[in-house]
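All remarks here apply to the structure that follows.
The values are calculated or read from the model by the stated rules, or taken from the named source; none is laboratory data. Treat the numbers as computed from the prediction; the structure is a model and nothing was measured. Neighbour counts run over all protein chains shown; Cβ positions are idealised from the backbone, glycine included.
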Amino acid sequence: MSDTNVETDQTLPATLPAAVTPAQRRQIINIVRRAARTEIMPRFRRLSDGDIRTKSHADDLVTEADTRAEAMITRALQIAFPSALVIGEEAVAEKPAALAGIKDAQLAFVIDPVDGTWNFAHGLPMFGVIIAATRYGTPVFGLIYDPVADDWAIADEEMTPQLQRPLGAAKELKAAAAKPLEEMSGIIPLHLFPKDKQAALAATFPDFGRVNTLRCSAHEYRMLAQGHIDFSLTALLHPWDHAAGALIAQRAGAHVEMLDGGDYTATRHDGHLLIAPDKVTWGKLKKIFSFLIDTPEAAAD
């Protein structure tokens with residue numbers, strides 16, 4: 001059964017143990033659900049033009065829901081975990097140097113208050129709230145919440161990864177089983193890759209059964225962890241987009257590794273993150289995508 005029926009407001013320990021306790025999980029879940037009820041859902045499909053702004057480019061949007069939800073979640077996490085570093089996507093947009101603190105923080109929370117903001121701003125119910133906790137940059141807890149369905153994917157270092165809801169039984173998350181490449185479905189956000197690589201990358205799409213993008217890391221990772229999508233490849237490694245999802249997918253049985261062979265951490269901001277059903281399939285995909293790595297080793301593959 002889900003352990004999320006009772007809301008509690010007690011202050012919790014300042015550091016996460018090896019496995020996040022049920023009390024800590026409930027506290028974080030309740031913080032996110034309250035923010036969604038208070039700041040996100042009341043604004044869904046009710047935004048005025050003045051409530052939507054652009055950041056780095058025309059499709060990079062921020063809304064009042066993003067900023068207000070992040071502020072509410074940040075305050076609550078700072079109260080619950082007073083010794084933790086708490087970093088939100090919108091705060092980093094204002095002070096990019098804040099990201100550097102993740103590497104040395106014994107406990108850091110990384111917040112994406114509305115992942116899939118473009119979808120949210122255009123009235124599409126494909127968005128979510130992402131919370132990751134890291135220990136010296138390594139993800140140790142992940143929560144991906146769907147405010148529309150009021151359910152969430154959750155995992156830490158030891159618990160069985162689950163899809164939970166306020167009432168009823170939780171569902172264990174399990175990544176897809178290996179299958180032939182031509183039968184696989186994947187997520188590849190082509191627009192995030194360098195222009196000089198996009199044509200070659202697009203040319204690989206017919207090798208697979210289907211290649212999509214949802215414009216929402218939250219739901220892409222939820223689908224990966226449920227086995228509804230077989231693999232993903234991305235090139236823009238904002239920790240608020242990937243730290244929680246990479247942990248959840250890995251705990252659900254997927255193989256998570258940088259295309260260059262390194263481990264993924266929340267301190268990796270460059271490179272290509274490749275997630276596959278298992279190590280063997282990951283190796284097959286790496287051979288297809290190795291041209292993205294401009295190194296002699298990649299060429300030798």
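When the stretch 40-61 is examined, which residues are found to be in a helix (DSSP H, G or I) and touching a helix residue (DSSP H, G or I) at 6+ places or on another chain (Cβ under 9 Å)? Write out each step before concluding.
Our first condition is that a residue be in a helix (DSSP H, G or I); within the stretch 40-61, this holds for 40-43, 49-51.
Within the stretch 40-61, I40, M41, P42, R43, G50, D51 qualify.
List every residue pair whose Cβ atoms lie under 9 Å apart, where the two residues are 6 or more positions apart in sequence or sit on different chains, the first residue falls within the stretch 183-202 and is more than 14 Å from L237 (Cα to Cα), and the second residue, located anywhere, is part of a loop (DSSP other than H, G, I, E, B) and of a type in the set (F, W, Y).
Filtered contacts from the stretch 183-202: E183/F208; M184/F208; S185/F208; G186/F208; L201/F193.
Of all residues in the stretch 224-280 being out of contact with any Pro (no Cβ under 6 Å at 6 or more places or on another chain) and of a type in the set (K, R), which is nearest to I102 (Cα to Cα)?
The extreme case among them is R268.
Check Y145 against each of (1) hydroxyl-bearing (S, T, Y); (2) closer than 18 Å to R215 by Cβ; (3) surrounded by fewer than 21 Cβ atoms within 10 Å (Cβ to Cβ) and name the one condition it does not meet.
For Y145, the failing item is (3).
Is it the case that A244 is touching a helix residue (DSSP H, G or I) at 6+ places or on another chain (Cβ under 6 Å) and in contact (Cβ under 8 Å) with a residue 60 or more places away in the chain?
On the way: touching a helix residue (DSSP H, G or I) at 6+ places or on another chain (Cβ under 6 Å): no; in contact (Cβ under 8 Å) with a residue 60 or more places away in the chain: yes.
Against the criterion (touching a helix residue (DSSP H, G or I) at 6+ places or on another chain (Cβ under 6 Å) and in contact (Cβ under 8 Å) with a residue 60 or more places away in the chain), A244 does not qualify.
Exactly one condition in (1) closer than 21 Å to W118 by Cβ; (2) outside the structural domain of K286 (by TED's automatic domain parsing) is false for T160; which is it?
Just one mismatch for T160, condition (1).
Exactly one condition in (1) closer than 15 Å to T265 by Cα; (2) buried (at least 16 other Cβ atoms within 10 Å of the Cβ); (3) among the charged types (D, E, K, R) is not met by D115; state its number.
(1)
Kindly evaluate R53 against the criterion of being basic (K, R), within 18 Å of T38 (Cα to Cα) and either surrounded by fewer than 16 Cβ atoms within 10 Å (Cβ to Cβ) or touching an Asp or Glu at 6+ places or on another chain (Cβ under 7 Å) (or both). I'd like the intermediate steps shown before the answer.
Values: basic (K, R): yes; within 18 Å of T38 (Cα to Cα): no; either surrounded by fewer than 16 Cβ atoms within 10 Å (Cβ to Cβ) or touching an Asp or Glu at 6+ places or on another chain (Cβ under 7 Å) (or both): yes.
Judged against the criteria, R53 is not a match.
Just to verify a result, which residue in the stretch 62-106, among those that are basic (K, R) and either at pLDDT 95 or above or assigned by TED's automatic domain parsing to the domain that holds H238 (or both), is surrounded by the most Cβ atoms within 10 Å (Cβ to Cβ)?
The initial filter retains those residues of the stretch 62-106 that are basic (K, R), namely 68, 75, 95, 103.
Pick out the ones that are also either at pLDDT 95 or above or assigned by TED's automatic domain parsing to the domain that holds H238 (or both) and you get 68, 75, 103.
Working: R68: 19, R75: 13, K103: 13.
Only one residue fits best here, namely R68.
Do any strands (runs of 3 or more DSSP E) lying entirely in the stretch 62-169 carry at least 1 residues that are out of contact with any Gly (no Cβ under 6 Å at 6 or more places or on another chain), in contact (Cβ under 8 Å) with a residue 12 or more places away in the chain and among the acidic types (D, E), and which ones are they?
Values: elements: 85-88, 108-115, 128-135, 138-146, 151-156, 162-164.
Those strands (runs of 3 or more DSSP E) span 108-115, 151-156.
Would you check if T117 is more than 20 Å from M72 (Cβ to Cβ) and within 16 Å of the chain's Cα centre (by Cα)? Write out each step before concluding.
Values: more than 20 Å from M72 (Cβ to Cβ): no; within 16 Å of the chain's Cα centre (by Cα): yes.
Judged against the criteria, T117 is not a match.
May I ask you to list the residues in the stretch 203-213 that are in contact (Cβ under 8 Å) with a residue 12 or more places away in the chain, within 12 Å of I288 (Cα to Cα) and of a type outside the set (V, I, T)? Spell out how you get there, then give the answer.
From the stretch 203-213, those in contact (Cβ under 8 Å) with a residue 12 or more places away in the chain are 204-205, 207-213; that's our starting set.
Still in the list and also within 12 Å of I288 (Cα to Cα): 204-205, 207-208.
Listed by number, the residues that qualify are F205, D207, F208.
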